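**Student:** I have a structure here, written as structure tokens, and I will follow up with some questions on it.
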Amino acid sequence: MKKIFFFILFCYFVNPIFSQEDSQTAKFSTLPSVDIKTLDGKNFNTKDIDNEGKPIIISLWATWCRPCIEELTAIAELYDDWVEETGVKLYAISVDDSKTASRVVPFVNGRAWEYEVLQDVNSDFKRAMNVVDIPYLCVLNEKREIVWQHTSYAPGNENEIYEVVKKISNK
Amino acid sequence: MKRQLLFLWQILFLALLLIPSLTKGQSTIGRGKISGDFSFSGMYYLPDSLINATEAEEKVRANTYLNLLYTNANFSVGARYEFYLFPLIDFEQIGYKGQGITYFFADYKNDFLQVTAGSFYEQFGNGFTLRAYEDRALGIDNSLYGARVKVTPYSGINIKAIWGIQRKNFDFNFMDRKDFVRGGDMEVVFDEIFPKMSERGFSTSVGGSFVSKYENPKDVTLKLPANVGVWSLRFLFRYKGFRIESEYANKINDPNLGNGFIYKNGEALFITTSYSQKGLGVSLSFIRTDNMDFRSQRNTPNTTPLLQINNMPSINHQYTYALLGNYSFVSQPNGEIGLQLQANYNIPKKTKIGGKYGTDLTIHYSRLHDIDKQFVAASDSLGSLKGTDGYTSHFLKFGKNLLYQDIGFEMSRRLNSHWKLGLEYNFLTYNLHLLQGEADTNLFKGHHAGVEVQYKINSRHALRLDAQHLYSKQDMGSWLHLLIEYSISPHWFFSVADAWNYGNSQKEKKIHYFNVAATYIIKTTRISLQYGKTREGILCSGGVCRTVPASYGVGLSVITSF
């Protein structure tokens with residue numbers, strides 16, 4: 001059984017390497033389709049992440065992750081200006097599990113963040129994005145393709161993120 | 001029965017695998033996408049008897065795995081190869097040792113239906129009945145190997161059904177296993193069905209699940225149940241800034257090693273309520289769990305997360321301070337009752353108290369006890385409760401033993417474009433005897449205070465100083481911890497840290513745990529080299545946090561995703 005599986009799997013992985021067609025679509029990847037939740041408990045499919053052709057930032061974070069909070073706080077200080085100048089929208093997807101998931105809403109409000117916050121309680125989206133450690137952040141262009149991504153946070157990273165966002169918005 | 005199911009499963013699996021080749025054209029876009037991630041974390045261990053670093057025959061050890069994922073429109077296949085033949089010492093200790101393809105699946109998903117065959121992770125509600133999950137840094141992988149179907153017949157109604165055999169480290173003999181798990185979950189989100197509710201500020205959803213485990217009941221002394229079931233009901237209600245969520249679960253008789261083979265039913269109740277508006281969030285949670293440890297095999301010791309089908313959340317504050325790592329509370333599914341209160345407040349920016357950039361404040365309090373237990377008469381002279389109902393328990397009564405308590409205050413504020421300041425104070429009480437099995441029955445009491453200063457030299461260079469002090473008269477006594485980190489955005493981190501156990505009552509144990517590390521990051525690749533002594537606990541550096549054991553040596557880690 002396993003052998004059959006891996007033979008077929010191998011064919012899938014080898015196939016695109018020798019294929020010439022659609023080389024353009026392969027340049028950037030798009031978001032996977034994973035069901036996560038909004039803060040109201042509604043279902044939300046990650047392929048519906050949208051900002052009407054304007055740039056999108058996605059951050060994977062958790063309430064217990066200090067560098068994640070540092071990064072989102074640093075962006076929060078600049079966010080008003082970023083939105084005004086580029087129309088960017090930030091989706092902050094929390095991977096808090098049942099231990100802390102119910103504290104995400106008061107946490108986000110308590111920090112006065114104006115992000116679009118979603119909850120990935122069993123890390124399904126994180127897994128589908130092949131993210132090993134958080135903080136993870138990516139920027140999507142007008143076609144919702146991932147054009148830039150980064151893991152971990154160092155003070156000043158927000159400047160580079162904004163350069164990428166501006167480039168997309170000026171296109 | 002099981003063979004027939006496995007046969008059906010194989011047909012399903014092959015059918016899913018062949019979907020993309022059969023439906024060429026409309027539903028496949030291009031040639032699909034390959035993505036993946038790779039992680040290597042290795043260590044060269046040096047001996048150090050003072051810090052209790054485990055001496056191992058193999059000095060060079062590493063955890064390595066590779067995930068590959070192929071996605072094409074609605075279809076995806078994936079696999080993970082793990083190489084843990086000579087794993088890091090703490091992984092060896094929990095039996096996470098071996099190599100092989102530990103995870104592979106084929107999945108088809110559209111707006112109405114999702115079918116998965118192979119390995120999968122899944123959670124019902126808060127995880128009281130089922131939580132198949134992974135935490136690679138901790139060596140937890142409770143994935144199920146079988147099949148899953150999710151159906152959304154109408155927007156707002158979600159139904160899930162699962163059947164599978166749970167992963168047990170590197171034991172791949174699924175055909176010989178005498179146990180499997182099956183279950184279902186249904187959730188109705190009313191404001192998705194009636195969108196007008198949301199417009200008026202209401203959200204309501206209800207859900208319920210049932211999970212049953214089958215295990216061969218062979219036993220010489222006891223008449224054991226072949227099937228053990230857990231059911232639960234839950235709801236969420238929100239009106240504007242006010243929210244209340246709750247879940248109740250009940251487990252039907254499940255004699256197992258962890259509960260001493262008693263036949264008492266298990267139950268759990270979790271309530272959390274919060275109020276928040278922009279700049280303020282307050283939450284209050286209550287939990288009570290009783291005999292809720294639920295595993296695929298009844299003879300699994302309850303000291304490891306191995307074969308755990310459900311997962312009871314711990315509601316205490318999640319600390320990331322290096323010095324408090326040894327006193328992290330782990331949830332007690334077989335008996336805990338407690339409360340947690342947390343408030344977050346943002347003093348608005350451009351105000352007199354809030355300053356130019358605003359100030360974030362957090363206060364939190366939690367208290368957890370064991371539950372009240374009135375034991376039934378012992379069934380034999382040794383006082384063993386095996387085979388009886390064990391005990392009765394008053395539902396809302398706190399047990400007489402305090403397990404854990406935290407009270408804390410945290411503040412962070414940017415002073416100007418260069419300086420940022422964080423302050424915290426925490427008081428922790430921890431029951432070492434009941435939580436870590438130590439002989440000392442005195443409660444650990446620790447005062448923890450910390451200052452974090454960040455100085456941004458320019459737009460790319462920054463310096464961070466983190467100083468922490470833990471004052472205690474119990475256990476290992478007082479500690480001082482200093483960390484200096486220099487970062488050059490976006491690629492480099494350099495850090496030097498020292499944790500000094502200056503207050504240890506034994507003179508030779510007043511040890512310096514020093515650590516130097518350099519990390520290079522490019523896009524989603526992170527390479528990190530580290531040298532030093534590490535005490536058991538959670539270590540955060542280079543922008544990420546992970547759990548580490550007591551060790552001394554040189555470590556290299558390479559993590560990348562593509």
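The values are calculated or read from the model by the stated rules, or taken from the named source; none is laboratory data. Since we're looking at a predicted model, the values are computed, not measured. Because the Cβ atoms are built from the backbone with ideal geometry, glycine has one as well, and the counts that use them run over all protein chains shown.
**Student:** Go through the stretch A:81-102 and give me each residue that's more than 8 Å from every other protein chain (Cβ to nearest Cβ), among the charged types (D, E, K, R) and in contact (Cβ under 8 Å) with a residue 24 or more places away in the chain.
**Tutor:** Hits for the stretch A:81-102 are A:Glu85, A:Lys89, A:Asp96.
**Student:** Taking A:Ile93 as the residue in question, decide whether it is assigned to a helix (DSSP H, G or I) and under 28 Å from B:Ser35 (Cα atoms).
**Tutor:** Taking the combined requirement at face value, the residue does not satisfy it.
**Student:** Please pick out the residue among B:Leu46, B:Leu88 that is away from chain A (no Cβ under 14 Å) and surrounded by 22 or more Cβ atoms within 10 Å (Cβ to Cβ).
**Tutor:** The conditions single out B:Leu88.
**Student:** Can B:Gln277 be described as surrounded by fewer than 18 Cβ atoms within 10 Å (Cβ to Cβ) and at pLDDT below 95? Give the derivation first.
**Tutor:** Values: surrounded by fewer than 18 Cβ atoms within 10 Å (Cβ to Cβ): yes; at pLDDT below 95: yes.
Answer is yes for this residue.
**Student:** Could I ask something else about it? Out of the residues in the stretch A:14-33 that are more than 9 Å from every other protein chain (Cβ to nearest Cβ) and modelled with pLDDT of 80 or more, state the one that is nearest to A:Asp120 (Cα to Cα).
**Tutor:** So, considering only residues that are more than 9 Å from every other protein chain (Cβ to nearest Cβ) and modelled with pLDDT of 80 or more, the one nearest to A:Asp120 (Cα to Cα) is A:Leu31.
**Student:** Looking at the stretch B:255-274, which of its residues are over 21 Å from B:Ser393 (Cα atoms) and surrounded by fewer than 18 Cβ atoms within 10 Å (Cβ to Cβ)?
**Tutor:** Filtering the stretch B:255-274 for residues over 21 Å from B:Ser393 (Cα atoms) gives B:272-274.
B:Thr273 - this is the single residue of the stretch B:255-274 that is over 21 Å from B:Ser393 (Cα atoms) and surrounded by fewer than 18 Cβ atoms within 10 Å (Cβ to Cβ).
**Student:** Scan A:Val131, A:Val147, A:Val105, A:Val121 and give me the residue that is within 12 Å of chain B (Cβ to nearest Cβ) and part of a strand (DSSP E or B). If you could, list the steps in order and put the result at the bottom.
**Tutor:** Working: A:Val131 fails: part of a strand (DSSP E or B); A:Val105 fails: part of a strand (DSSP E or B); A:Val121 fails: part of a strand (DSSP E or B).
Exactly one residue qualifies, and that residue is A:Val147.
**Student:** Pairs needed: first member in the stretch B:297-309, basic (Lys, Arg); second member anywhere, assigned to a loop (DSSP other than H, G, I, E, B) and crowded, with 18+ Cβ neighbours inside 10 Å; C-beta distance under 7 Å; at least 6 residues apart or different chains.
**Tutor:** As it stands, the answer is B:Arg298/B:Pro255; B:Arg298/B:Asn256, since those pairs meet every condition given.
**Student:** State yes or no: is B:Leu224 closer than 27 Å to A:Val108 by Cα and surrounded by 16 or more Cβ atoms within 10 Å (Cβ to Cβ)?
**Tutor:** It is false that B:Leu224 is closer than 27 Å to A:Val108 by Cα and surrounded by 16 or more Cβ atoms within 10 Å (Cβ to Cβ).
**Student:** Right, A:Asp124: of a type in the set (D, E, K, R), touching a residue at least 12 places away in the same chain (Cβ under 8 Å), under 30 Å from B:Asn72 (Cβ atoms) and surrounded by fewer than 24 Cβ atoms within 10 Å (Cβ to Cβ) or not?
**Tutor:** Working: of a type in the set (D, E, K, R): yes; touching a residue at least 12 places away in the same chain (Cβ under 8 Å): yes; under 30 Å from B:Asn72 (Cβ atoms): yes; surrounded by fewer than 24 Cβ atoms within 10 Å (Cβ to Cβ): yes.
Spelling it out, A:Asp124 is indeed of a type in the set (D, E, K, R), touching a residue at least 12 places away in the same chain (Cβ under 8 Å), under 30 Å from B:Asn72 (Cβ atoms) and surrounded by fewer than 24 Cβ atoms within 10 Å (Cβ to Cβ).
**Student:** B:Gly450 - would you say it is among the small types (Gly, Ala, Ser), more than 30 Å from B:Val558 (Cα to Cα) and within 13 Å of chain A (Cβ to nearest Cβ)? Before you say what the answer is, go through the steps one by one.
**Tutor:** Details: among the small types (Gly, Ala, Ser): yes; more than 30 Å from B:Val558 (Cα to Cα): yes; within 13 Å of chain A (Cβ to nearest Cβ): yes.
Yes.
**Student:** In addition: Quick check on the stretch B:464-487: of everything there that is within 14 Å of chain A (Cβ to nearest Cβ) and surrounded by 15 or more Cβ atoms within 10 Å (Cβ to Cβ), which residue is nearest to B:Asn515 (Cα to Cα)?
**Tutor:** Per the stated criteria, the residue is B:Leu483.
**Student:** In the stretch B:447-466, which residues are part of a strand (DSSP E or B) and either within 27 Å of the chain's Cα centre (by Cα) or over 16 Å from B:His481 (Cα atoms) (or both)? Give the steps one after another, and end with the answer.
**Tutor:** Filtering the stretch B:447-466 for residues part of a strand (DSSP E or B) gives B:447-456, B:461-466.
B:His447, B:His448, B:Ala449, B:Gly450, B:Glu452, B:Gln454, B:Tyr455, B:Lys456, B:His461, B:Ala462, B:Leu463, B:Asp466, listed by residue number.
**Student:** Which one is farthest from the other protein chains (Cβ to nearest Cβ) among residues in the stretch B:332-356 that are in a loop (DSSP other than H, G, I, E, B) and crowded, with 18+ Cβ neighbours inside 10 Å? Before the answer, list the steps.
**Tutor:** Filtering the stretch B:332-356 for residues in a loop (DSSP other than H, G, I, E, B) gives B:332-334, B:348-350, B:352-354, B:356.
From the residues that got through so far, the ones that are crowded, with 18+ Cβ neighbours inside 10 Å too are B:332-334.
Values: B:Gln332: 13, B:Pro333: 12, B:Asn334: 17 Å.
Within the stretch B:332-356, the match that is farthest from the other protein chains (Cβ to nearest Cβ) is B:Asn334.
**Student:** Does at least one position in the stretch B:414-437 carry a residue that is touching a residue at least 24 places away in the same chain (Cβ under 8 Å), buried (at least 19 other Cβ atoms within 10 Å of the Cβ), touching a Lys or Arg at 6+ places or on another chain (Cβ under 9 Å) and closer than 24 Å to B:Ser331 by Cβ?
**Tutor:** For the stretch B:414-437, residues touching a residue at least 24 places away in the same chain (Cβ under 8 Å), buried (at least 19 other Cβ atoms within 10 Å of the Cβ), touching a Lys or Arg at 6+ places or on another chain (Cβ under 9 Å) and closer than 24 Å to B:Ser331 by Cβ: present.
**Student:** Please determine, by comparing only the residues of the stretch B:66-85 that are hydrophobic (A, V, I, L, M, F, W, C) and in a strand (DSSP E or B), which one is surrounded by the most Cβ atoms within 10 Å (Cβ to Cβ). Lay out the reasoning, then the answer.
**Tutor:** Quick first cut of the stretch B:66-85, residues hydrophobic (A, V, I, L, M, F, W, C) only: B:66, B:68-69, B:73, B:75, B:77, B:79, B:83, B:85.
Imposing the further condition that a residue be in a strand (DSSP E or B) reduces the set to B:66, B:68-69, B:75, B:77, B:79, B:83.
On the way: B:Leu66: 15, B:Leu68: 20, B:Leu69: 21, B:Phe75: 23, B:Val77: 25, B:Ala79: 23, B:Phe83: 15.
By that ranking, first place goes to B:Val77.
**Student:** Please verify whether B:Thr320 is of a type in the set (Val, Ile, Thr) and not in a loop (DSSP other than H, G, I, E, B), treating the condition exactly as stated.
**Tutor:** Answer is no for this residue.
**Student:** Provide a single number: the residues in the stretch A:134-144 that are under 26 Å from B:Tyr121 (Cβ atoms), more than 7 Å from chain B (Cβ to nearest Cβ) and either without any contact (Cβ under 8 Å) to a residue 12 or more places away in the chain or crowded, with 19+ Cβ neighbours inside 10 Å (or both). Write out each step before concluding.
**Tutor:** Our first condition is that a residue be under 26 Å from B:Tyr121 (Cβ atoms); within the stretch A:134-144, this holds for A:134-138, A:140, A:144.
Keeping just the survivors that are more than 7 Å from chain B (Cβ to nearest Cβ) gives A:134, A:136-138, A:140, A:144.
After this cut, where a residue has to be either without any contact (Cβ under 8 Å) to a residue 12 or more places away in the chain or crowded, with 19+ Cβ neighbours inside 10 Å (or both) as well, the list is A:134, A:136-138, A:140.
Qualifying residue count for the region: 5.
**Student:** Now for a separate question. Any chance you could count how many residues in the stretch B:302-322 are away from every other protein chain (no Cβ under 13 Å) and in contact with a His (Cβ under 8 Å, 6 or more places away or on another chain)?
**Tutor:** Going through the stretch B:302-322 one residue at a time, the tally reaches 0.
**Student:** Looking only at the stretch A:150-165, filter to residues that are outside any strand (DSSP E or B) and among the polar types (S, T, N, Q); which one of those is farthest from the chain's Cα centre (by Cα)? Don't jump to the end; show me each part of the working.
**Tutor:** Within the stretch A:150-165, the subset outside any strand (DSSP E or B) is A:152-165.
Applying the additional criterion that residues be among the polar types (S, T, N, Q) yields A:152, A:157, A:159.
Details: A:Ser152: 13, A:Asn157: 16, A:Asn159: 18 Å.
Here the residue is A:Asn159.
**Student:** Please specify each residue of the stretch B:488-512 satisfying the condition of being hydrophobic (A, V, I, L, M, F, W, C) and within 14 Å of another protein chain (Cβ to nearest Cβ).
**Tutor:** At the first step, the residues of the stretch B:488-512 found to be hydrophobic (A, V, I, L, M, F, W, C) are B:488, B:492-494, B:496-497, B:499-500, B:511.
The answer is B:Ile488, B:Trp492, B:Phe493, B:Phe494.
**Student:** Tell me whether the stretch B:323-330 contains one or more residues that are facing another protein chain (nearest Cβ under 9 Å), surrounded by 15 or more Cβ atoms within 10 Å (Cβ to Cβ) and touching a residue at least 12 places away in the same chain (Cβ under 8 Å).
**Tutor:** no
**Student:** For the stretch B:91-108, enumerate the residues that are more than 9 Å from chain A (Cβ to nearest Cβ), small (Gly, Ala, Ser) and either under 18 Å from B:Phe38 (Cβ atoms) or in a strand (DSSP E or B) (or both).
**Tutor:** So the first thing to find is which residues in the stretch B:91-108 are more than 9 Å from chain A (Cβ to nearest Cβ), and the list is B:91-100, B:102-103, B:105, B:107-108.
Still in the running and small (Gly, Ala, Ser): B:95, B:98, B:100.
Of everything in the stretch B:91-108, those that are more than 9 Å from chain A (Cβ to nearest Cβ), small (Gly, Ala, Ser) and either under 18 Å from B:Phe38 (Cβ atoms) or in a strand (DSSP E or B) (or both) turn out to be B:Gly98, B:Gly100.
**Student:** Looking at (1) crowded, with 19+ Cβ neighbours inside 10 Å; (2) more than 7 Å from every other protein chain (Cβ to nearest Cβ), which one does A:Gly110 not meet, given that it meets all the others?
**Tutor:** (2)
**Student:** Would you mind finding the one in A:Leu60, A:Leu39 that is in contact (Cβ under 8 Å) with a residue 60 or more places away in the chain, at the interface with another protein chain (Cβ under 10 Å from one of its Cβ atoms) and crowded, with 17+ Cβ neighbours inside 10 Å?
**Tutor:** On the way: A:Leu60 fails: at the interface with another protein chain (Cβ under 10 Å from one of its Cβ atoms).
Exactly one of A:Leu60, A:Leu39 is in contact (Cβ under 8 Å) with a residue 60 or more places away in the chain, at the interface with another protein chain (Cβ under 10 Å from one of its Cβ atoms) and crowded, with 17+ Cβ neighbours inside 10 Å, namely A:Leu39.
**Student:** Of all residues in the stretch B:166-212, which are small (Gly, Ala, Ser), more than 12 Å from chain A (Cβ to nearest Cβ) and within 30 Å of B:Tyr275 (Cβ to Cβ)?
**Tutor:** Filtering the stretch B:166-212 for residues small (Gly, Ala, Ser) gives B:183-184, B:198, B:201, B:203, B:205, B:207-209, B:212.
Next, only the ones that are more than 12 Å from chain A (Cβ to nearest Cβ) stay: B:183-184, B:208-209, B:212.
Matches in the stretch B:166-212: B:Gly208, B:Ser209.
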